[in-house]
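Asks: Sending over a structure as structure tokens; questions will come in a sec.
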């Protein structure tokens, strides 16, 4: 079909060119033929006039003008021409023409006007009687160099309309035959030289489209088709390489997604599911094949997850949220991460959502917390009994009694006190985690200055024992939503930590200020500093940078962990800045970063 269309697009152009050439040739040939006929007639008539002119001059010289008409008839009867003679006054002396005009009208003819002026006159016009094309040639007749008359010879043009018509008919016939032959040759040549190579290229392109990219097209004889064939072959090989690469990458990606324990699914801008892996299908309780192409609201019956997907599509930043899914009457606690999918031009094409099932981890964490809380609570009673017993023994001790066992009783007392402190911290941590998980931590508008001042007063005795000054600087108008008791406990823990590790006769500075959208409480000491490798784990439970030194100072290893939990319960964070140095008193700065509410209206509305 493509070949026939191309053929019949080219063929009319050839026919038009041939037709225009035929018309041009016929017009030029006809014009040349008429020009030749006119020159031939003019030459013949001029010779006839030259023959008759001396005879007319002789008859006029002999006063035999009356014989001129007869003589003209005899002359014209022999050669089939017409002869007309006028004197210089325009009088008709002889005429064999079938024109019937008066003599004065003959004198007005162009050829006679020129001849009576001594020139050769010529004119071609249609005859008024039979509408034939006539040619007239008039010559002046002179005697002794004096103009005495004018003779005109006329004849019917040899090139009649019928002859011209037959000429044009033959030219038209030849043009038609030539056009048909040219059309046939054009179709044949075009079919062999153009259509057939295009057919082969079309078949090869169809094989490429069907996936047979290993096929190689044969190069035709035409240079243009050779270049096109090379381009198509190169394109096919490049596509083959790219498709193989993409297929390999797709299989690798599918293998990775299939082996992931995290659920991953992607949606487009209209929230239609593009793809999802087996883990996501299991967490969402859907079938992979039926979920693709459907709206997320049809696939997932969870309002929180639907809203999370919508927020991810609108946000330029990655999002994170904890969502509880219910599948087959079982709850799944998932940490959900979402970010936008973007194309090469960084335009949003959708979003990818990652579901991390934390149900087992949360269950184990809850078991751990309950275990720690229960064990700590159960251990509190025997520890209390031990302390009471030791205190009773020491109370009844005779001051002069130097029994060696008293030294071990003092050791029991110290260790019982330390164990009691550890249990109290564990119970505090368990209570914080439970209240944070259940949302029972009450946050109210409060003054940061009052909290810091109360914490400093609590630690004043320990600081005075080491001759350490506690200096605090807090704006009295700095307020935000806090749990005053917990924040005070966190500041007390930081102060106790700084006092323990600071040298005597130094100072500990406590500051609180607004930084951007945060309220930052910082405790800075002049201690020895902390090695950089210890900083990331400093707020873990029971983590010690120097275990021997820490135990000697009587720490429980839970103080900083409590500080971190208090900050997290407020939606904040903790920080530490410290550079260990050989010189003493280098110092460390511990910070508690709390979300700031800097106006009473904001604080009250949030509360």
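The values are calculated or read from the model by the stated rules, or taken from the named source; none is laboratory data. Here the structure is a predicted model, which means the values were calculated and not measured. Backbone-built Cβ (ideal geometry, glycine too); neighbour counts: all protein chains shown.
Asks: Write out, first by first residue and then by second, each pair whose Cβ atoms fall under 6 Å of each other, whose residues are 6+ apart or on separate chains, and whose first residue, in region 259-272, is assigned by TED's automatic domain parsing to the domain that holds residue 352 and touching a residue at least 60 places away in the same chain (Cβ under 8 Å) while the second is assigned to a loop (DSSP other than H, G, I, E, B) and surrounded by 14 or more Cβ atoms within 10 Å (Cβ to Cβ).
Replies: 264/277
Condition check ((1) at pLDDT below 85; (2) in a helix (DSSP H, G or I); (3) within 14 Å of residue 155 (Cβ to Cβ)) across all residues:
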site	(1), (2), (3)
46	no, yes, yes
59	yes, yes, no
76	yes, yes, yes
84	no, no, yes
98	yes, no, yes
140	no, no, no
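Asks: Here's something else I'd like to know. Any chance region 18-40 includes a residue that's within 16 Å of residue 137 (Cβ to Cβ) and at pLDDT 80 or above?
Replies: Yes, some residue in region 18-40 is within 16 Å of residue 137 (Cβ to Cβ) and at pLDDT 80 or above.
Asks: Answer yes or no as to whether residue 189 is modelled with pLDDT under 75 and under 21 Å from residue 18 (Cα atoms).
Replies: Yes; evaluated as a whole, the condition is true for this residue.
Asks: Of all residues in region 335-355, count the ones that are buried (at least 17 other Cβ atoms within 10 Å of the Cβ) and at pLDDT below 85.
Replies: 1
Asks: Residue check, residue 487 against (1) in contact (Cβ under 8 Å) with a residue 12 or more places away in the chain; (2) over 16 Å from residue 593 (Cβ atoms); (3) outside any strand (DSSP E or B), all met but one. Which one?
Replies: Only one criterion in (1) in contact (Cβ under 8 Å) with a residue 12 or more places away in the chain; (2) over 16 Å from residue 593 (Cβ atoms); (3) outside any strand (DSSP E or B) is unmet by residue 487, namely (2).
Asks: Let me ask you something else. Conditions first: (1) surrounded by fewer than 15 Cβ atoms within 10 Å (Cβ to Cβ); (2) at pLDDT below 80. Residue 117 passes all but one, so which condition is the exception?
Replies: Evaluating residue 117 over (1) surrounded by fewer than 15 Cβ atoms within 10 Å (Cβ to Cβ); (2) at pLDDT below 80 leaves (2) as the failure.
Asks: Scan region 514-522 and give yes if some residue there is in contact with a helix residue (DSSP H, G or I) (Cβ under 8 Å, 6 or more places away or on another chain), at pLDDT 85 or above and in a strand (DSSP E or B), otherwise no.
Replies: yes
Asks: Taking the condition of being touching a strand residue (DSSP E or B) at 6+ places or on another chain (Cβ under 8 Å), modelled with pLDDT of 75 or more and under 30 Å from residue 36 (Cβ atoms), how many residues in region 148-175 meet it?
Replies: Result for region 148-175: 7.
Asks: Ok, one more. From 326, 253, which residue is exposed (fewer than 14 other Cβ atoms within 10 Å of the Cβ), over 17 Å from residue 352 (Cβ atoms) and modelled with pLDDT under 85? Explain how you work it out, then say what you get.
Replies: Working: 253 fails: over 17 Å from residue 352 (Cβ atoms).
326 is the lone residue from the list that is exposed (fewer than 14 other Cβ atoms within 10 Å of the Cβ), over 17 Å from residue 352 (Cβ atoms) and modelled with pLDDT under 85.
Asks: If you don't mind, another one. Just checking, which of 122, 178 is surrounded by 13 or more Cβ atoms within 10 Å (Cβ to Cβ), at pLDDT 75 or above and out of contact with any strand residue (DSSP E or B) (no Cβ under 9 Å at 6 or more places or on another chain)?
Replies: On inspection, the qualifying residue turns out to be 178.
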